[in-house]
Structure formats: structure tokens, C-alpha cells
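**Student:** Provided herewith is a single structure, encoded as C-alpha cells, for subsequent inquiry.
No value in this document is a laboratory result; all are computed from the given coordinates. What you see is a predicted model, and the numbers here were worked out from it, not measured in a lab. Methodologically, a virtual Cβ is constructed for each residue, glycine included, from the backbone with ideal geometry; neighbour enumeration extends over all protein chains shown.
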């Protein structure tokens, strides 16, 4: 039994969730998102919110039950409040700057990396060593943050690179003489 799947998705003021066949869509002040449902889960609108249940007792249905509920919850949270990931840059000469709507990264390469934000994602650089990724789609925000971090992940000896602001980089000692 899925503990996550049992909980209904609570209604949020200003967000309307509509179920149309095998599609669930959420519309709120920040935008609109929709998701196509798998055949092994059922979704109904209840008094306490959107209720997800497995269509049968198969292993696939039980696996998709909690996942579907979490995806619907992320849609509701995204269109009401949005999602945000903060990245921190550490290293001598490593910095970021806005270039229109794109971010220009100086990460120790012979060239500067220009990252173009996909549709629905907003990038901000409040300081040369900080990048903020915001959007309504949780998966897209995480993907963009991971792609930016992927250009220069933090290395374990000096800690240089791009990291999530809440990430802990475990340091190695290095050579001894």
C-alpha cells in the first residue's frame, strides 16, 4: 500500500484542477500544467481534493499510484507557488552573468559557456557566484539546474565548481609529502 498515494491532493485557493478522461490539468496564477495518466491508475475529484487510486492490484498499478499522486501535487504546487533551485559557484575566476535572458558562465574553460533557458524557466544572477532557476514545472527546474551544474560539478579536493546551494561536498585530503 502506498502511503503517499492514500493522501488526497488538497485543494489550494486560486488553483482549479480538472480531470478530462485520462488527462489531469491544473490552472493557477502562475500558469497551467497538465499530465497524461497511465491506464493503471484512476483519479477522481473528491470532497477533500483529488484522490488517486490503483485500477487493479498489479505491481505496476501500485508503483504508479504514489508517483501519479506526487506528480499531481507538484502540478498544483507549481501553478500556485512555483519552484526554485539555487546554485552556488566556487572557484577563482568562476562567475556567472546575465546576457539577455541567457546566462554566461566563466568556468575555467578556454571559452565562456552560454546557457539558454528553455521555455517556462527563468534564470537570475543576483551575484556573480549565484544562479537562481525558477519555473512552474518541478522536473524542468531540476533538469536545468542539473545541466548548469553538469558543466563543472564540484571537485572533491578544493571544492571548485557549480553546486546546489544546500549541497555538501565531501572533501578529500590530497597528497602528503
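**Student:** Quick one: pull the percentage of alpha-carbon pairs in segment 38-96 with a separation above 19 Å.
**Tutor:** Values: 877 of 1711 pairs.
Everything past 19 Å amounts to 51 percent.
**Student:** So what are the radius of gyration and Dmax for the Cα set of segment 3-80, in Å?
**Tutor:** Cα radius of gyration and Dmax of segment 3-80 are 11.8, 38 Å respectively.
**Student:** Enter the Cα centre distance for the pair segment 52-126 and segment 22-48, rounded to the nearest angstrom.
**Tutor:** Cα centres, segment 52-126 to segment 22-48: 21 Å.
**Student:** By counting other Cβ atoms within 10 Å of each Cβ, how are 129, 134 ranked from fewest to most? Let's see the in-between values first.
**Tutor:** On the way: 129 15, 134 18.
If I rank by nearby Cβ atoms, fewest first, I get 129, 134.
**Student:** Distance in nm between label sites at residue 113 and residue 25, each 7 Å beyond Cα in the beta-carbon direction?
**Tutor:** For the pair residue 113/residue 25, the computed spacing is 3.6 nm.
**Student:** When the Cα atoms of segment 131-177 are enclosed in a convex hull and the volume is divided per residue, what value in Å³ results?
**Tutor:** Numbers: hull volume 3.4 nm³, N = 47.
Each residue corresponds to 73 Å³ of Cα convex hull volume.
**Student:** Given only helices, namely DSSP H runs of n ≥ 4 each adding -39500 (n - 2.57), what is the per-residue ellipticity at 222 nm of the chain, to the nearest 500 deg cm²/dmol? Mind dumping the intermediate values first?
**Tutor:** Values: 3 runs with 40 residues, N = 177.
Helix contribution divided over all residues of the chain: -7000 deg cm²/dmol.
**Student:** Which residues does a label at residue 176 reach in segment 135-165, if reach means a backbone N under 19 Å from a point 7 Å past the Cα toward the Cβ?
**Tutor:** Only 157-158 fall inside the zone, counting backbone N under 19 Å.
**Student:** Quick check on packing: order 5-11, 108-114 by the mean number of other C-beta atoms within 10 Å, highest mean leading.
**Tutor:** Values: 5-11: 17.1, 108-114: 10.3.
The most tightly packed comes first, giving 5-11, 108-114.
**Student:** Going 7 Å from the Cα of residue 47 in the Cα-to-Cβ direction, what parts of segment 1-21 have a backbone nitrogen less than 15 Å from that spot?
**Tutor:** 8, 11
**Student:** Based only on Cα atoms, what mean projected area does the convex hull of segment 83-164 have, in nm²?
**Tutor:** Details: hull surface 20.0 nm².
Orientation-averaged projected area of the Cα hull: 5.0 nm².
**Student:** Could you give me the percent of Cα pairs per 5 Å distance bin for the chain, shortest bin first, beginning at zero and ending with the bin that holds the maximum distance?
**Tutor:** Pair shares across the bins are 1, 8, 14, 15, 13, 11, 10, 10, 8, 6, 2, 1, 0, 0.
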